[in-house]
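Novice: Encoded as structure tokens, here's the structure I'll be asking about.
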Amino acid sequence: MPIIRTRDLRKVFRSVKRVPGALGALRTLFSRAYEEKVAVDGVTMSLEAGELVGYIGPNGAGKSTTIKMLTGILVPTSGEIEVAGIVPHEARQANARNIGVVFGQRSQLYWDLPLVESFELLRAIYGIPHAQYRRNLDAFVELLQMDEFLRTPVRQLSLGQRMRGDFAAAMLHDPKIIYLDEPTIGLDVVAKEAIREFIARINAERGTTIILTTHDLADVERLCRRIVLIDHGHIVFDGDVERLKNEYGQHRTLVLAFDGAVEHPHLDGAELEASDGVTARFRFNRMQQRADLLIRQASERYSLMDVTLEEPDLESIIRRIYVEGYAQPEEASR
Amino acid sequence: MEVATEVGSLVLRVYLLRSLWTALYTQNLAPLNLPLHSMITYATVALLMSLILEVDGTRLIREKLREGTIATDLMKPISVPFYFFSDGIGQTGLHAVLVIPSLLFSLLLVRIDVPRPEVIGAFLLSFALGYCVNFFLNFLMNSIAFWTLETFAIQLIVRWVSDLLSGQVIPLTLFPGLLGRLVFALPFAAIYSTPLLIYVGVIAPAQWAGAFAMQIVWLTLFAGLSTLVWRAGSRRVVIQGG
């Protein structure tokens, strides 16, 4: 029984068509022409309880719109949606008790109050029993190392501190599901790693279902087994991160460092990508060419100081999909 | 410091009001049924009421819609209109505390009539009803932000109209003839005029029930309208950016 289920989910935004120019602004007032923009177009997906899924796509692909429908604050144009047995937009408040939300670009903490006062307010809002509140607060303060700024007004916190506060705020009421919208945006490497560690622990120890929206694919590689890729409102891939890499990342790069200058390096079965006389980069398809044979060929032909084999990372794969669009990978993958 | 300036400006306004009405009365512009001391009482109490009524808790609606932060509130298990109401009550409570020193100072400056306890009780009840009518009027005004995001002009117009027609500045008994009957039939009268006229005794105890009933009618109407507007508005929430 999936905890999140959508079927043919669609959201169309309708807005008045604007006429450009100063007079145009006036004409817009009386215009009856509307523009329709399909933000989400037939999204069908289902998540099992305890899954940690990366929901990714380029800007404007429909990610945030989907999340807003899942939280119940946007009403779908058509399609079905169910979160923990509730239709979110029909029972927004009941749904709110099951979910926690963290926006990297927006805080739910009360700006003028000390951090801990925001937590107290949330305790009252969700009606969290004192023992549970105490237990969670203590755990989060320790995990996220918040004791030094617990009494600081939120407006004085650094971004990293504020994000930690936001994570705790979203989880005090033990939500079954957590939506994370770019939670690591703008953070330094250490703070990023701390947040990732926290997400992984919450998922593993509490079994919380997590949907992670991000542009930082290192987040996805570190945290998610499953990835849902959305573009132009359609889901273009839904499955294992490994499968995506296998299907899409068929090329490898062999980097050779020569002992001495080599002009016009060449290898049969690989394509020269770049060369500067002492190093060379060859690109090849691993389905058509075995790497070990290529390396043997290189060592027979040249005197080598170093050999490295580069796998494509998720980022370069996703970048190709954004630019070229998602097409079923060629035959070779079968 | 803030309290000091607040009290200072209030004392000045009370003094000006007293001077103004005294001057008008010596020019024989007096409304027939209101002696000068009642008029000064009326104006002073109106001023003190305005300190509380001008607190607009629903201003948050507009701000949150503009900034898109209403999304975070909608993701919580709370009734958002009730949240705005509570926020308004909190701010009002703070302002009520600020009113106390102002009240004491203005008592030094002008002599206000203090009616019998049951009249004060009726006044407070009527004031509470007026407060709620005012809340929903503000709520409706700020909810326009769901559709236009810019509500300043409309609010300014409604503010002018309501200042004049609510009895805040001049008692509605001053309006002559047909106009006089019309202004009493408008919802604005429920905000200032009804409690004030109860206070100064123009609305006699025998007419209290009718006055409360009228306020409750407006309150129910505005509350109902607010519910409809909120429902329609939140269905079309398209959070700006993000």
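Novice: Among the listed pairs A:Lys11/B:Lys64; A:Lys68/A:Lys245; A:Lys11/A:Lys37; A:Lys11/A:Lys176, which have their C-alpha atoms separated by more than 20 angstrom in this model? Before the final figure, lay out each step's value.
Specialist: Details: A:Lys11/B:Lys64 23 Å; A:Lys68/A:Lys245 29 Å; A:Lys11/A:Lys37 9 Å; A:Lys11/A:Lys176 25 Å.
Over 20 Å Cα-Cα: A:Lys11/B:Lys64; A:Lys68/A:Lys245; A:Lys11/A:Lys176.
Novice: Right, next: Taking the Cα atoms only, what angle lies between the long axis of helix B:2-26 and the longest principal axis of chain B, rounded to 10 degrees?
Specialist: Long axis of B:2-26 versus the principal axis of chain B: about 50 degrees.
Novice: May I pose another question? Mind checking which of B:Thr151, B:Thr44, B:Thr58 has the largest fluctuation in a GNM of chain B, springs on alpha carbons under 10 Å?
Specialist: For chain B, modelled as a Gaussian network with Cα springs under 10 Å, the answer is B:Thr151.
Novice: Taking the Cα centre of chain A as origin and charging only Cβ (+1 Lys, Arg; -1 Asp, Glu), how large is the dipole, in debye to the nearest 20?
Specialist: Numbers: 42 positive and 48 negative charges, 327 e Å.
Its charge dipole is roughly 1580 debye.
Novice: Over all distinct Cα pairs, what is the inverse of the mean 1/r for chain B, reported as the Kirkwood hydrodynamic radius in Å?
Specialist: Values: mean 1/r = 0.0518 Å⁻¹.
Result for chain B, one decimal place: 19.3 Å.
Novice: I've got another one for you. Between B:Ser86, B:Ser226, B:Ser106, where does the largest GNM mean-square fluctuation fall for chain B, given springs only between Cα atoms within less than 10 Å?
Specialist: B:Ser86
Novice: Give me the one-decimal Kirkwood hydrodynamic radius in Å for segment A:250-311, with the sum taken over alpha-carbon pairs.
Specialist: On the way: mean 1/r = 0.0879 Å⁻¹.
Taking every pair of different Cα atoms in segment A:250-311, averaging 1/r and inverting gives 11.4 Å.
Novice: With the dipole of the protein assembly as shown worked out from charges on the C-beta (+1 for Lys and Arg, -1 for Asp and Glu) around the Cα centre, which of A:Gly60, A:Ile125, B:Leu164 lies farthest toward the positive end?
Specialist: B:Leu164
Novice: Given Cα pairs under 8 Å that are at least 6 residues apart, what percent is the relative contact order of segment A:219-328?
Specialist: On the way: 145 pairs, mean separation 30.1, N = 110.
The value is 27 percent.
Novice: Report, by chain and number, residues whose modeled amide H sits under 5 Å from the one on A:Val40, excluding near sequence neighbours (fewer than 5 apart, same chain).
Specialist: Counting only residues 5 or more places away or on other chains, the set is A:Lys11.
Novice: Which of the trypsin sites (Lys or Arg not before Pro) found in segment A:111-197 are loop residues per DSSP with 10 or fewer other Cβ atoms within 10 Å of their Cβ?
Specialist: On the way: sites: A:Arg123, A:Arg134, A:Arg135, A:Arg151, A:Arg155, A:Arg162, A:Arg164, A:Lys176, A:Lys192, A:Arg196; in loops: A:Arg151, A:Lys176.
Answer by residue number: A:Arg151.
Novice: As I understand it, the dipole of chain B uses +1 on the Cβ of Lys and Arg and -1 on the Cβ of Asp and Glu, about the Cα centre. Which of B:Leu98, B:Pro187, B:Ala204 lies farthest toward its positive end?
Specialist: My answer, from the dipole projection, is B:Pro187.
Novice: List the extent of the Cα atoms of segment A:154-300 along each of their three principal axes, largest first, rounded to whole Å.
Specialist: On the principal axes, segment A:154-300 reaches 64, 35, 32 Å in Cα extent.
Novice: Using the charge dipole of chain A (Lys, Arg: +1 at Cβ; Asp, Glu: -1 at Cβ; taken about the Cα centre), state which of A:Ile321, A:Gln105, A:Val75 has its Cα farthest towards the positive end.
Specialist: A:Val75
Novice: Counting only GluC sites (Glu not before Pro) that are in a DSSP loop and have at most 12 other C-beta atoms within 10 Å, tell me the longest site-free stretch of chain A. Present the calculation step by step, with values, prior to reporting the outcome.
Specialist: Values: sites that count: A:Glu48, A:Glu90, A:Glu263, A:Glu330.
Counting only loop sites that pass the neighbour cut-off, the longest clear stretch is A:91-262.
Novice: Let me ask something additional. What number, in percent, do you get for the relative contact order of chain B if the mean sequence gap of Cα pairs under 8 Å and at least 6 apart is divided by its residue count? Write down the numbers at each step before the final one.
Specialist: Numbers: 236 pairs, mean separation 67.0, N = 242.
Taking the mean separation of contacting Cα pairs over the length of chain B, I get 28 percent.
Novice: What does the charge dipole of chain B about its Cα centre add up to, to the nearest 20 debye, if the Cβ of each Lys and Arg holds +1 and the Cβ of each Asp and Glu holds -1? Intermediate results must be reported in sequence, preceding the final value.
Specialist: Numbers: 14 positive and 12 negative charges, 78 e Å.
Magnitude of the dipole: close to 380 debye.
Novice: Now for a separate question. How are the alpha carbon pair distances in the protein assembly as shown distributed across 10 Å bins from zero to the largest one, expressed in percent?
Specialist: Result returned by the calculation: 3, 13, 18, 18, 16, 13, 8, 4, 3, 2, 1, 0.
Novice: Same structure, new question: Under the rule of -39500 (n - 2.57) per DSSP H run of 4 or more residues, summed and divided by the residues of chain A, what mean residue ellipticity at 222 nm is obtained, to the nearest 500 deg cm²/dmol? Please list the in-between numbers first.
Specialist: Details: 11 runs with 119 residues, N = 334.
Rounded to the nearest 500, the figure is -10500 deg cm²/dmol.
Novice: Give me a comma-separated list of calculated 3J(HN,Hα) values for segment B:126-141, in order, Karplus coefficients 6.51, -1.76, 1.60 applied at θ = phi - 60°, integers in Hz, x for any Gly or Pro.
Specialist: Along segment B:126-141, the couplings run 5, 4, 4, 5, x, 4, 5, 4, 4, 4, 5, 4, 4, 4, 4, 4 Hz.
Novice: Here's another thing I want to ask about it. With both partners inside the protein assembly as shown, how many of the DSSP beta bridges are antiparallel, as a percent to the nearest 5? The partial results should precede the final answer.
Specialist: On the way: 42 of 60 bridges.
Of those bridges, close to 70 percent are antiparallel.
Novice: Among all the lysines, which ones have a C-alpha under 17 Å from A:Lys192's C-alpha, if same-chain residues fewer than 8 places away are not counted?
Specialist: Those lysines meeting the cut-off do not exist here.
Novice: Next question, about the same structure. So, with +1 on the Cβ of K and R and -1 on the Cβ of D and E, and no other charges, what is the size of the charge dipole of the protein assembly as shown about its Cα centre, to the nearest 20 debye?
Specialist: Working: 56 positive and 60 negative charges, 510 e Å.
That gives the protein assembly as shown a dipole magnitude of about 2460 debye.
Each reported figure results from applying straightforward, stated rules to the coordinates on display, with no laboratory input. Since the structure is predicted, the reported quantities are computational estimates derived from the model, not experimental observations. Using ideal geometry, Cβ is built from the backbone for each residue, glycine included, and neighbour counts are taken over all protein chains shown.
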